[in-house]
């Protein structure tokens, strides 16, 4: 059985963009977990966060994704997925987890105003603080790390394909 490719990383690293192209090249399905959460909850992510708070959203994300049953797919996750150990356990099973890594300064430039992006960030927490908190979690769960610094989308996809082809 072919494995899924699960993309993790900070918001703005291109998980969805890279994921769609990768899925096309591999003949896989493309799945965006944020859309699955919205579909199941029948609410936008920002509405779930507003109603349940960040911890409630993380619990919802963990619950929904820990029951995900998808095969032969490229799965783009939300940046906060690594807070849910059940979800990560499920996503890691029969999958290659790929961390799309980008330096903080490049990420900050790409993201612009994080309030408009729906980034799961606590009141008073800086983007820098969030980055420092999440990077060790991404590294913990990653089977493969793709350094995107100096790469456009095509170069990232090429590097990713080269890394995962031997693992499928």
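The values are calculated or read from the model by the stated rules, or taken from the named source; none is laboratory data. Worth saying up front: this structure is predicted, and the values here are computed from it rather than measured. A quick note on method: Cβ atoms are made from the backbone with ideal geometry, for glycine too, and the neighbour counts reach across all protein chains shown.
Need the failing condition index for residue 160 against (1) surrounded by fewer than 16 Cβ atoms within 10 Å (Cβ to Cβ); (2) touching a strand residue (DSSP E or B) at 6+ places or on another chain (Cβ under 7 Å), just the number.
(1)
From (1) buried (at least 18 other Cβ atoms within 10 Å of the Cβ); (2) more than 21 Å from residue 133 (Cα to Cα), pick out the condition that doesn't hold for residue 58.
(2) is the only condition that residue 58 fails.
Please name all residue pairs, on different chains or six or more residues apart, with Cβ atoms under 7 Å, provided the first residue is in the stretch 140-162 and is under 11 Å from residue 101 (Cα atoms) and the second residue is surrounded by fewer than 14 Cβ atoms within 10 Å (Cβ to Cβ).
The qualifying pairs are 149/103.
Return the residue satisfying two criteria in turn: it lies in the stretch 39-53 and is in contact (Cβ under 8 Å) with a residue 40 or more places away in the chain and crowded, with 16+ Cβ neighbours inside 10 Å, and of such residues it is farthest from residue 161 (Cα to Cα).
49
Looking only at the stretch 83-108, which residues are outside any strand (DSSP E or B) and touching a strand residue (DSSP E or B) at 6+ places or on another chain (Cβ under 6 Å)?
Step one: list which residues in the stretch 83-108 are outside any strand (DSSP E or B), which gives 83-94, 102-108.
Listed by number, the list holds a single entry, 91.
From the list 19, 12, which one is under 23 Å from residue 111 (Cβ atoms), surrounded by 13 or more Cβ atoms within 10 Å (Cβ to Cβ) and free of Cβ contacts under 8 Å to residues at least 60 places away in the same chain?
Numbers: 12 fails: free of Cβ contacts under 8 Å to residues at least 60 places away in the same chain.
Every option except 19 fails the conditions.
Any residue that is more than 15 Å from the chain's Cα centre (by Cα), surrounded by 15 or more Cβ atoms within 10 Å (Cβ to Cβ) and assigned to a helix (DSSP H, G or I) - is there at least one of those in the stretch 112-119?
Residues of the stretch 112-119 that are more than 15 Å from the chain's Cα centre (by Cα), as a first pass: 112-116.
Among the residues that remain, those that are also surrounded by 15 or more Cβ atoms within 10 Å (Cβ to Cβ) are: 114.
In the following step, the residues that additionally are assigned to a helix (DSSP H, G or I) were identified as 114.
Scanning the stretch 112-119, I find at least one residue that is more than 15 Å from the chain's Cα centre (by Cα), surrounded by 15 or more Cβ atoms within 10 Å (Cβ to Cβ) and assigned to a helix (DSSP H, G or I), so the answer is yes.
Under 20 Å from residue 18 (Cβ atoms), surrounded by 12 or more Cβ atoms within 10 Å (Cβ to Cβ) and modelled with pLDDT under 95, is that true of residue 129?
No; evaluated as a whole, the condition is false for this residue.
Test of understanding: among 36, 75, which residue is outside any strand (DSSP E or B), touching a residue at least 24 places away in the same chain (Cβ under 8 Å), touching a helix residue (DSSP H, G or I) at 6+ places or on another chain (Cβ under 9 Å) and buried (at least 16 other Cβ atoms within 10 Å of the Cβ)?
Of 36, 75, the one residue that is outside any strand (DSSP E or B), touching a residue at least 24 places away in the same chain (Cβ under 8 Å), touching a helix residue (DSSP H, G or I) at 6+ places or on another chain (Cβ under 9 Å) and buried (at least 16 other Cβ atoms within 10 Å of the Cβ) is 36.
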